[in-house]
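A quick write-up on the structure given underneath.
The values are calculated or read from the model by the stated rules, or taken from the named source; none is laboratory data. Owing to the predicted nature of the structure, the values given are computational and were not obtained by experimental measurement. So basically every Cβ, Gly included, is an ideal-geometry build from the backbone, and we count neighbours across all protein chains shown.
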Amino acid sequence: MLKPGIFALRSIKIRVTLFTLGIFMLSIGLLAFYARHVLREDMQNLVGAQQYAAVSMAATGINEELEDRFRALKMVGETVNPALMGNTPAMQTFLEQRPIFRQLFNGGAFITGLDGITLASLPYSAERIGVNYMERDFLVAALKEGKASVGRPVMGKQRLVPLFVMAMPLRNAQGKVFGALAGVTDLNKPTFLDKVTNAPYGQAGSYALITPQHGLVVTATDKSRTMQPLAKPGVNTMLDRYLQGYEGYGLTTNSRGVEMLTAAKGIPAAGWILGSAMPAEDAFAPIYAMQRGLLLGALLLTLVAGALTWWMLRRQLTPVFKAMQSLSEMSETSLRTPRLPITRQDEIGELFGAFNRLLETLDTRETALRESEMRFRNLIDNNNAAILQTDPASGQILDANAAACLFYGWSPVQIRSKTLQEINALNPDHITEKRLATDSHERNPFAVQHRMANGEIKTVEMHSTPVTVGSQTQWVSIIHDITQRARTEQRFYRLMCEQTAILNSRIVGFVKLNDRKLVWGNVAFAEMMGYSLDELTGQSTKIVYPSEQAYRTFAEAAYPVLQRGEVFRSEIQYRRKNGSLGWYDVVGSMLDPQSGESIWAFVDISARKQAQAELVTAKARAEQANRAKSRFLAAASHDLRQPLSALSMYVGVLQSKTTPDNRSLVRKIQACSDSLTEMLTDLLDVSKLEAGVVTPRLTDFVVEDFLSALVSVHSAEAQSKGLCLHLRPCATVFTRTDQALLTRIVGNLIANAVRYTEKGGILVACRRHAGAQWIEVWDTGVGIAADKTEAIFEEFTQLGDGAHLRGSGLGLAIVAKTAELLGLQIRLRTKPGRGSMFAIELPAGQAHVQAEPCAPQAEPRPLRIGLVEDHTEVQQALVMALENTGHEVLAATSSQALLLRLGKWAPDIVISNHRLDGHETGVHVIDAARHAYGAQLPAIILTGDTDPALIHSMAARGIAVHSKPLQMDRLQMAIMQATEPGFA
């Protein structure tokens, strides 16, 4: 009997009832849809025509308003006298005496000349006078094309409000344009357009005034849309049609996905379009209400029809329900099936009679099937071979004999709960392949791996045959255990594969020789030599040697080793078939000393040999490039320092002319100049250290004096950060090293400590460690992570956050390279968050007597200075700086020009740049001046060249060398030293 729930849908009553309801609902739904479609189209045409009429009326009103304003502009413009254009006050008075502009233009009006600059503005407070509007389209049309126009809606230049401008050209009596008169409409204030946009169409409709040529909304009922861009082409189809000139109405979907009924009408005076839109839901509301009523009535009629249909079917199908109940009770007994009672002679009675005859036939077949099943069961259960009966679709084991249960280790109940997928240890693709073979009646046995109850994997041989039982196909499989045989075959196969893979390797060549003739070889060896295996087999190995002598030499070296039973290995050069030579790593051994057979392995090492040769060549090129780099440094140093010298001189001049207002700015410029100088010095120092052009000059000096000077240099920066920079006394410590290079090392360490310390202090001290003296710099800064202690000594490496990332990132790289040059060690101790300690080793030095300090010198006297500098900026800076200190400067760009300027009066000193245009140098300039005014004439060479040989040669000529970038105090000191023999 049918039960409620999932079986209820199978009931004839339910299906007929639902079908009847479906027909009613479908018919009424189609009718409602048709009525809605027809009425909607009529309603759309009616409402659309009304909406278009309203838009047309509003557009006509706006067009008349615009034409009134054009007429006003033209009328006033005809009264403008061209003579007033040069008289701004008169023009302003003329404009203010025209009250019509205040009535028609809420943003005022203004007059411009032919250059687009405003000459008069109404109101005056609009701050338009003097503003150039030449780039605006309305002025381009008025001044250049002589046409009146309405401009693009824009944001005002002065007050930054949305507005549009109407412009009219001003013409003289000859009709020539001499200016423009423009009226401004401020869209943020009430305008004549608000009469339309503030009166929405319908309950939810709205207006929008757009300028198609600019793709903008001029104004709209929704003021937030003012000056907003229009939707892109393709987004709103009706908008695209309106922009192409269509005037009318239509349905469209806006950018929010809402269906709208729209209408649009053009405004010829401005080339604008007035559009209105209202939601289609409002326009078609009567249709939707009618449709809802129709559907509600259809639902009520459908329910009535369904109830009547249900009652009729229940009455007609009562005998069927009773028969179903009887059949359900019969199925619960194992006796002979009773027959159904026939209560009436109609179609249902005939159905019951046919069913009773079918039951008679089924009883006869069931008896025969039961006897056949007993015979099959005896055949399976008494067989000594393991037999499985399975479902090919699901792999479920349907039955198994006693031998199968014993083999797999499961009970009959357990094994019937398994599937072939569970006991099969093969991958699914392999299982599918075997299943297809069985389905195609291929009776050849195949081997698979099965999993036993204890987890053991055994290899079995299966003979599977598809058998049809009724309408179902099943597999009957006879299984034999072949695990041991499969393992033996697998070991043998693996061994053969490994040997074959080794011999067929494309990396190592193998050959077997007998009396130095090739008996066998692999493909790799043949490819190495450029032959085929057929060409090599049976040939003497002499074919691959470059000469007879090489053939004999190899035999004399190799075969005595092989005869002793040892392995011979060597690197040999062979000739390939194409005549080229290659290098090979050869290893061989004798198979049997009595038979003369040997086995050899070959590896092509030609690429390695070539790489070694290329490495030697590359090393030579690198050394040559390093020498070229050294030559480049001298020239690069000069060129890079030139602009910095000019900057430094100009800053020096500014410092002597500072006022309270610019003193801070001058200090900042000086700091930037010093930073650039320091960065350039760092870069050049690194380059010089890498090029090996720096030669240490060892001297003995007192470490405490040396450190005191460095600490005093960095004290100001430390104090500015609120840090304590302390030097521990070490008066008894002497060292012997290059003082200038050590200054760079310790100075960089102290600068880094100040830079990366935010609170606490820095300690500089001398301390003995491991039998040597060290300078140690301690700080309480951020510290360094353990994995970064090596990276910090690399070039351009900086750690920490952005607040600490200053400088070039070369300081510690210079420290490391300079220490390596001096042969000094560096120690580092650090703890993140606690601080760091950097230490530099000090070589032992000898004590010496310090010289008495020199007495203070007098102030420098004004000098007559001859200056040669071909770089204009640097020359001007030098002249200004030197004249600012009281000197008379005669500047030139060559020696000949200098002598002409000096005339017969000798200068007190000659200062010249070293590298000049052409082939002339500063040495040539000084030689020419000394030839003219005496060999003892003091002279100074200015250069950015760091070549030590240049400095030595200048000293031999009695010429002082001053390095760029120039600093005025240092240059003044050099001048005094050169001109005052007693000046120290």
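Once segment 911-925 is narrowed to residues that are aliphatic (A, V, I, L, M) and under 17 Å from Q875 (Cα atoms), the residue that is nearest to the chain's Cα centre (by Cα) is L916.
Checking T237 against (1) touching a strand residue (DSSP E or B) at 6+ places or on another chain (Cβ under 7 Å); (2) closer than 22 Å to P162 by Cβ; (3) modelled with pLDDT of 80 or more, which single condition isn't satisfied? Just one mismatch for T237, condition (2). Here are D604, D639: which of them is charged (D, E, K, R) and either closer than 30 Å to V961 by Cβ or modelled with pLDDT under 65 (or both)? Going through D604, D639 in turn, just one is charged (D, E, K, R) and either closer than 30 Å to V961 by Cβ or modelled with pLDDT under 65 (or both): D639. Within segment 546-563, the residues that satisfy the criterion of being farther than 18 Å from L536 by Cα and surrounded by 10 or more Cβ atoms within 10 Å (Cβ to Cβ) are A550, R552, T553, F554, A555, A557, A558, Y559, P560, V561, L562, Q563.
One line per residue, one yes/no per condition, for (1) without any contact (Cβ under 8 Å) to a residue 12 or more places away in the chain; (2) among the polar types (S, T, N, Q); (3) touching an Asp or Glu at 6+ places or on another chain (Cβ under 9 Å):
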site	(1), (2), (3)
V460	no, no, yes
T465	no, yes, no
M496	yes, no, no
S505	no, yes, no
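If only one of K434, K418 is surrounded by 16 or more Cβ atoms within 10 Å (Cβ to Cβ), at pLDDT 85 or above and among the charged types (D, E, K, R), which one is it? When all the criteria are applied, what remains is K418.
Which of the residues belonging to segment 97-126 are part of a loop (DSSP other than H, G, I, E, B), polar (S, T, N, Q) and free of Cβ contacts under 8 Å to residues at least 12 places away in the same chain?
Filtering segment 97-126 down to residues part of a loop (DSSP other than H, G, I, E, B) leaves 97-99, 105-108, 113-116, 123.
Subset that is polar (S, T, N, Q): 97, 106.
Hit for segment 97-126 is Q97, nothing else.
Applying a threshold of 6 Å to beta carbon distances and a minimum spacing of six or more residues, or different chains, the list of pairs starting in segment 259-284 at a residue that is more than 17 Å from M57 (Cβ to Cβ) and at pLDDT below 80 and ending at one that is assigned to a strand (DSSP E or B) and among the acidic types (D, E) reads A280/E259.
Would you check which residues across segment 697-737 are touching a Ser or Thr at 6+ places or on another chain (Cβ under 7 Å) and at positive phi and list them? Hits for segment 697-737: nothing passes.
Here are A772, A731: which of them is within 20 Å of S712 (Cα to Cα), modelled with pLDDT under 85 and over 49 Å from the mean Cα position of the chain (by Cα)?
So the residue among A772, A731 that is within 20 Å of S712 (Cα to Cα), modelled with pLDDT under 85 and over 49 Å from the mean Cα position of the chain (by Cα) is A731.
Pick out the one residue from L725, L710 that is part of a strand (DSSP E or B) and free of Cβ contacts under 8 Å to residues at least 60 places away in the same chain.
Working: L710 fails: part of a strand (DSSP E or B).
When all the criteria are applied, what remains is L725.
If you check T468 against the conditions, is it in a strand (DSSP E or B), modelled with pLDDT of 80 or more, β-branched (V, I, T) and assigned by TED's automatic domain parsing to the domain that holds D391? When the stated conditions are applied, T468 does not pass them.
Of all residues in segment 159-186, those satisfying the criterion of being closer than 16 Å to A126 by Cα and surrounded by 21 or more Cβ atoms within 10 Å (Cβ to Cβ) are L163, F164, V165, L181, A182, G183, V184, T185. Looking at (1) assigned to a helix (DSSP H, G or I); (2) touching a residue at least 40 places away in the same chain (Cβ under 8 Å); (3) surrounded by fewer than 17 Cβ atoms within 10 Å (Cβ to Cβ), can you tell me which one L878 breaks? All conditions pass for L878, except number (3). Looking across segment 133-162, the residues that are within 19 Å of A72 (Cα to Cα) and assigned to a strand (DSSP E or B) come down to S149, V150.
Criterion applied to A180, A231 was being out of contact with any Lys or Arg (no Cβ under 6 Å at 6 or more places or on another chain) and not assigned by TED's automatic domain parsing to the domain that holds E127, and the one residue passing it is A231.
In the set (1) at pLDDT below 75; (2) crowded, with 19+ Cβ neighbours inside 10 Å, L294 fails one condition alone, (2). When residues in segment 54-98 are screened for being of a type in the set (S, T, N, Q) and under 25 Å from V218 (Cβ atoms), 3 of them pass.
Specify the residue that is surrounded by the most Cβ atoms within 10 Å (Cβ to Cβ); the eligible residues are those in segment 65-96 that are of a type in the set (S, T, N, Q) and assigned to a helix (DSSP H, G or I). Going through the qualifying residues, I end up with Q92.
Among the residues of segment 884-912, write down those that are out of contact with any Lys or Arg (no Cβ under 9 Å at 6 or more places or on another chain) and either part of a strand (DSSP E or B) or small (G, A, S) (or both). Break it down into steps so the answer makes sense when it comes.
If we filter segment 884-912 for residues that are out of contact with any Lys or Arg (no Cβ under 9 Å at 6 or more places or on another chain), which is where we start, we get 885, 893-901, 903-904, 911-912.
Hits for segment 884-912 are S894, S895, A897, G903, I911, S912.
Could you check segment 518-534 and list, in sequence order, the residues that are over 14 Å from R575 (Cβ atoms) and either among the aliphatic types (A, V, I, L, M) or surrounded by 14 or more Cβ atoms within 10 Å (Cβ to Cβ) (or both)? Of everything in segment 518-534, those that are over 14 Å from R575 (Cβ atoms) and either among the aliphatic types (A, V, I, L, M) or surrounded by 14 or more Cβ atoms within 10 Å (Cβ to Cβ) (or both) turn out to be L518, V519, W520, G521, N522, V523, A524, F525, A526, E527, L533.
Scanning segment 482-541 for residues that are charged (D, E, K, R) and part of a loop (DSSP other than H, G, I, E, B), which turns out farthest from the chain's Cα centre (by Cα)? I'd like the intermediate steps shown before the answer.
In the first step, residues of segment 482-541 are kept if they are charged (D, E, K, R); the result is 485, 487, 489, 491, 494, 498, 506, 512, 515-517, 527, 534-535.
Pick out the ones that are also part of a loop (DSSP other than H, G, I, E, B) and you get 506, 515-516.
Values: R506: 42, D515: 66, R516: 63 Å.
Among them, the one singled out is D515.
Residues in segment 749-765 that are out of contact with any Lys or Arg (no Cβ under 8 Å at 6 or more places or on another chain) and either in a loop (DSSP other than H, G, I, E, B) or of a type in the set (A, V, I, L, M, F, W, C) (or both): L749, I750, A751, A753, Y756, K759, G760, I762.
Determine, yes or no, whether V55 is touching a residue at least 40 places away in the same chain (Cβ under 8 Å) and part of a loop (DSSP other than H, G, I, E, B). So that I can check it myself, show each step before the final result.
Numbers: touching a residue at least 40 places away in the same chain (Cβ under 8 Å): yes; part of a loop (DSSP other than H, G, I, E, B): no.
No; evaluated as a whole, the condition is false for this residue.
Which members of segment 463-481 meet the condition of being within 22 Å of G409 (Cα to Cα) and touching a helix residue (DSSP H, G or I) at 6+ places or on another chain (Cβ under 9 Å)? Within segment 463-481, S464, W475, V476, S477, I479, D481 qualify. Restricting segment 926-960 to residues that are of a type outside the set (D, E, K, R), within 57 Å of the chain's Cα centre (by Cα) and in a loop (DSSP other than H, G, I, E, B) leaves a set whose member that is surrounded by the most Cβ atoms within 10 Å (Cβ to Cβ) is G944.
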